[in-house]
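In what follows, a single structure is set out as structure tokens and then discussed.
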Ligand SMILES: [Zn+2]
């Protein structure tokens, strides 16, 4: 069996994205008493794809080394999710697993990948229902959870931390309850979206998930702080660009139906019928 130094190991980003949790007290106590018994699954670049919580417990117990298995799967994202299949998951975690599984097959083979490459190859996606089944959630529930998570992120963006956390808690307990709440407040607080503007507001959902992916990328870059590999990378410049991108998308996203013309188009909204966040904060 191999051993690795706990200091050198890093948790694979998909873990932070999907599960985002550390060791619980039982695990910390157990590792304190018996050490880490089950080896961690680690890639040759020191990223842990299974055993993030064990690593956390080991560090908290001051262990310098842990047993590891080295492996380099072709699709580490998918592998990380598969390793975590048996854990007891929250609804939010299941929904994020669903998103990772959906994304995992969405890249076409590249020339470097060799044998299956064809320039005309279309990205193959896992069917929505299959991805949902693997994540242990029904597809309609996963879609509802995704919409709730969208609102959780929006509340956080608007600085409503408490409301955001509260909604996230409800989501973890009961997806339908959280969804009802979200659907309810959206109807109460907003102008109904006129038929001809529906498309643009649907696109907004996609843009928001792009913005949240950029937020994740920012977190990943920040987590790399002090990593030896960064010697070759201009981390501050990348962070700066990601920031600009994030602002550009969130600020220019269609935000609300124009309150002055209710969607008909006027000078305030530049004849669009909807306003962007940037415009709202100015006026
Ligand atoms: Zn207007």
Exercise for review: Run through the DSSP bridge list for the chain and note the antiparallel percent, rounded to the nearest 5.
Suggested key: 65
Review point. By how many nm would the segment from residue 166 to residue 150 grow when fully extended, if each residue of separation counts as 0.36 nm and the alpha-carbon distance is taken off?
Key: 4.4 nm
Check your understanding: If r is the Cβ-Cβ distance from residue 174 to residue 133 and R0 is 25 Å, what FRET efficiency results, to the nearest 0.05?
Key -> 0.75
Practice item. For residue 264 and residue 209, compute 0.36 nm times the residue count separating them, minus their Cα-Cα distance, and round to one decimal in nm. Key: 17.1 nm
Practice item. Over segment 2-76, calculate the relative contact order: mean separation of alpha carbon pairs under 8 Å at least 6 apart, over the residue count, as a percent. Key: 44
Check your understanding: If you project the alpha carbons of segment 134-226 onto the principal axes, what extent comes out on each, in Å, largest first?
Key -> 50, 31, 31
**Study point:** Distribution of pairwise C-alpha distances over the chain, 5 Å bins, in %
**Key:** 1, 5, 9, 12, 15, 15, 14, 11, 8, 5, 3, 1, 1, 0, 0
Study note, to complete from the structure: Nearest-0.05 FRET efficiency for residue 218 and residue 60 at R0 = 41 Å, using Cβ-Cβ distance, is 0.95
Point to revise | Tensor-based shape of segment 2-76 (alpha-carbon gyration tensor, a/c under 1.5 rounded, otherwise prolate or oblate) | key: oblate
Practice item. State, as an integer percentage, the relative contact order of the chain based on alpha-carbon contacts under 8 Å between residues 6 or more apart. Key: 12
Review point. 222 nm [θ] for the chain, helices only, -39500 (n - 2.57) per DSSP H run of 4+, per residue, to 500?
Key: -17000 deg cm²/dmol
Exercise for review: Treat the count of other C-beta atoms within 10 Å as a stand-in for reagent exposure and order 98, 70 from fewest to most.
Suggested key: 70, 98
Exercise for review: First measure r as the distance between the Cβ atoms of residue 70 and residue 227, then evaluate 1/(1 + (r/R0)^6) with R0 = 22 Å and state the FRET efficiency to the nearest 0.05.
Suggested key: 0.70
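Bear in mind that the values in this text are calculations on the coordinates, not laboratory data. Since the model is a prediction, treat every value here as computed from it, not as a measurement. Every residue, glycine as well, gets a Cβ built from its backbone with ideal geometry; the counts of neighbours run over all protein chains shown.
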